[in-house]
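Below is one structure; the comments refer to it alone.
The values are calculated or read from the model by the stated rules, or taken from the named source; none is laboratory data. All values reported here derive from a predicted model rather than from experimental measurement. Here the Cβ is made from the backbone with ideal geometry for all residues, glycine too, and neighbour counts use every protein chain on show. Heads up: the accessible areas ignore ligands, DNA and RNA and are worked out on the full protein's heavy atoms, side chains in. Shrake-Rupley method; radii C 1.70, N 1.55, O 1.52, S 1.80 Å.
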Amino acid sequence: MASSNHQLKLNSYLKGLKISGESKQTSRSSNHEGERESRKTANSVAKFSSRGRNRSQQTPSQKLPKPLMNLNNKGTGRRNITADILPTEILLKIFGFLTPPDLMSCSYVCRRWMKMAGDNLLWQPLYEKFKFSNPQDKPNSVYTSHASIKWKAAFMERCIERRNIRLQRLLKKRHPYTNLAANTDKMLKQLGIKWKLVLTVSQKQSHEYVHSDICYFNTSVHVRWYSVDCLPVDSIKKISVYCKAPILFEKDGSSIPESPRKTSLLLSRDLTAKKGDFVECEDTSLKIRIILPGVMAASWKDGGGIAFISLCVHKSNLVERCLLGHPERCFHPFVTKPQPDDIDPQYGLHDFQCNIELRQQRTLCWSERFSRLHCLKEQITEDGFVKLTLIRSFEETEHSVLTKTLCLPWKTDMFKGIFQGLCILDLTVFDEFDQPFWCVSHPVKVTKDEISERSLLYHGEPYSLHYTDEEGSVHLQVISDEDQEKEIVTMATIHINVKTINSWFSTAYS
């Protein structure tokens, strides 16, 4: 009995020792796991912080690019953030930071952008910001804050008016030799005017070309288009030349490259009647036809396609014609005519001045200025013309030598050549008040003069150049001296129609 009690006490004692050992082992293992987790957490934090430090120390080129959201990944829930999903208010806020040329570019993206880029909320601040420093420079048109005003159009009009006011100041200065506007070349170059040629074949078909080359002379400008499709000359129904001038400029006066442009019609002519068309000259491969005053069209003999088209335009009021014209009609400047003078018996017949030049398309051959020209009432011809003599054939001291041969070199994108016996005449006649009332820039033909007698002063063949229009006529005689190997102008006269003088000076000569 005692032994059994002793055995029970021993078993219970051992059982208690076993339970306490297991609990201690469990607590010890849990402590180890907690330490392990804390160590793992500390290592991850340290690794994350070190990675952040490494990223901050990397250069922008070494940083990893951010992943883009793809609209097509609908399953992943990712979307691209594009301008199409932006609200109108946000886009208008973004457009508010753009300049006028940038807004013009945005209007070509899509219909939505075109509508927003012309919003009044964008253009009214630009209009108000574009102030005139001088109160006298303010334009005639006045805009108020009315809701119906299109502020974009108002801004464009204000820019055009400010540009024109600035140009009027520059045009006041006169050139001492030509007596025309002194800054014409500078303004045309600085403005960056584009000369556009439009050839109309039918009512629904037309071809447009931008000028390939432009040259500036003392009294004229020569523009050429030789990158032209090989259209037959006979297929052209109408020819038009436009000037496209920018309206936005930098502070230094240069035009902004992406500036919007205003179009002005320079000349236009319907060729269906084909009056006055004639072949002026030809060489081995081309022939030239004058289809407008100052416009030449060269066509290939083989096929009849156009090789190039050139325009001779006089500088008189050229800047105004390029800037102040309308897309559908030409600009005709208002000319202040002199008041009639009843005291002067020779009023309108004396103190004329004439500038005359013979040139090629890129080179000047001859230039002279003649002043104090006059004619008596008794010297008016029977057919109603006033004769003004520039160079007399019997006065050797008045003869003038040409610096270049009278011809007309030409070129296209691939070919070039020379038209012999053809040049361009530039003529400007001024009255006694230095106002130009007869301006000519036109190609003329150099032909052998079979009527005139051979000169005793020079050994060579005489040639004549003749030009005629409604205002008058010009006649020149040139001798090619074989001994001196030079071309010499031995005679020059101009005839002015009496009707032109009477209309200009309000006289009644007959």
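Can you tell me which residue within segment 209-235, out of those that are open to solvent by 10 Å² or more (accessible area, probe 1.4 Å) and among the hydrophobic types (A, V, I, L, M, F, W, C), is nearest to the chain's Cα centre (by Cα)?
Per the stated criteria, the residue is Val210.
Can you tell me which residues in segment 372-397 are among the aliphatic types (A, V, I, L, M) and within 23 Å of Ser452 (Cβ to Cβ)?
Listed by number, the residues that qualify are Leu373, Val386, Leu388, Leu390, Ile391.
Do the conditions hold for Ser254, that is, is it among the small types (Gly, Ala, Ser) and buried (at least 18 other Cβ atoms within 10 Å of the Cβ)?
For Ser254, the condition - among the small types (Gly, Ala, Ser) and buried (at least 18 other Cβ atoms within 10 Å of the Cβ) - is not met.
Within segment 341-360, does at least one residue satisfy the condition of being open to solvent by 60 Å² or more (accessible area, probe 1.4 Å) and of a type in the set (Lys, Arg)?
No, because not a single residue in segment 341-360 is open to solvent by 60 Å² or more (accessible area, probe 1.4 Å) and of a type in the set (Lys, Arg).
So which strands (runs of 3 or more DSSP E) are wholly in segment 379-423 and hold at least 1 residues that are among the charged types (D, E, K, R) and at pLDDT below 90?
407-411, 416-420
Checking Pro462 against (1) open to solvent by 50 Å² or more (accessible area, probe 1.4 Å); (2) within 28 Å of Gln353 (Cα to Cα), which single condition isn't satisfied?
(1)
Determine if segment 266-283 includes at least one residue that is in contact with a Phe, Trp or Tyr (Cβ under 8 Å, 6 or more places away or on another chain), open to solvent by less than 30 Å² (accessible area, probe 1.4 Å) and at pLDDT 90 or above.
Looking through segment 266-283, at least one residue is in contact with a Phe, Trp or Tyr (Cβ under 8 Å, 6 or more places away or on another chain), open to solvent by less than 30 Å² (accessible area, probe 1.4 Å) and at pLDDT 90 or above.
Condition first: among the polar types (S, T, N, Q), touching a Leu at 6+ places or on another chain (Cβ under 7 Å) and under 17 Å from Leu271 (Cβ atoms). Now tell me which residues in segment 185-237 satisfy that. Give the steps one after another, and end with the answer.
Step one: of segment 185-237, the residues among the polar types (S, T, N, Q) are 190, 200, 202-203, 205-206, 212, 218-220, 227, 235.
In the following step, the residues that additionally are touching a Leu at 6+ places or on another chain (Cβ under 7 Å) were identified as 206, 219.
Of everything in segment 185-237, just one residue is among the polar types (S, T, N, Q), touching a Leu at 6+ places or on another chain (Cβ under 7 Å) and under 17 Å from Leu271 (Cβ atoms), namely Ser206.
Just checking, which of Ile451, Ile501, Ile496, Ile479 is more than 33 Å from the chain's Cα centre (by Cα), of a type in the set (Val, Ile, Thr), farther than 19 Å from Leu406 by Cα and in a strand (DSSP E or B)?
Values: Ile451 fails: in a strand (DSSP E or B); Ile501 fails: in a strand (DSSP E or B); Ile479 fails: farther than 19 Å from Leu406 by Cα.
Just one listed residue meets the conditions, Ile496.
In segment 400-434, what residues are closer than 30 Å to Ser503 by Cβ and exposed (fewer than 14 other Cβ atoms within 10 Å of the Cβ)?
Phe433, Asp434
Of the conditions (1) surrounded by 21 or more Cβ atoms within 10 Å (Cβ to Cβ); (2) closer than 30 Å to Val335 by Cβ; (3) among the β-branched types (Val, Ile, Thr), Ile479 clears all except one; give me its number.
So the condition that Ile479 fails would be (2).
Each row is one residue, and each column tells you yes or no for (1) outside any loop (DSSP other than H, G, I, E, B); (2) hydroxyl-bearing (Ser, Thr, Tyr); (3) over 14 Å from Ala298 (Cβ atoms); (4) free of Cβ contacts under 8 Å to residues at least 60 places away in the same chain.
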| site | (1), (2), (3), (4) |
| --- | --- |
| Lys204 | no, no, yes, yes |
| Ile214 | yes, no, yes, yes |
| Val221 | yes, no, yes, no |
| Val228 | no, no, no, no |
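Answer yes if at least one residue in segment 94-106 is in contact with a Ser or Thr (Cβ under 8 Å, 6 or more places away or on another chain), among the small types (Gly, Ala, Ser) and at pLDDT 80 or above, and no otherwise.
No, because not a single residue in segment 94-106 is in contact with a Ser or Thr (Cβ under 8 Å, 6 or more places away or on another chain), among the small types (Gly, Ala, Ser) and at pLDDT 80 or above.
Residues in segment 321-334: is at least one within 23 Å of Lys172 (Cα to Cα), free of Cβ contacts under 8 Å to residues at least 12 places away in the same chain and aromatic (Phe, Trp, Tyr)?
Checked segment 321-334: at least one residue is within 23 Å of Lys172 (Cα to Cα), free of Cβ contacts under 8 Å to residues at least 12 places away in the same chain and aromatic (Phe, Trp, Tyr).
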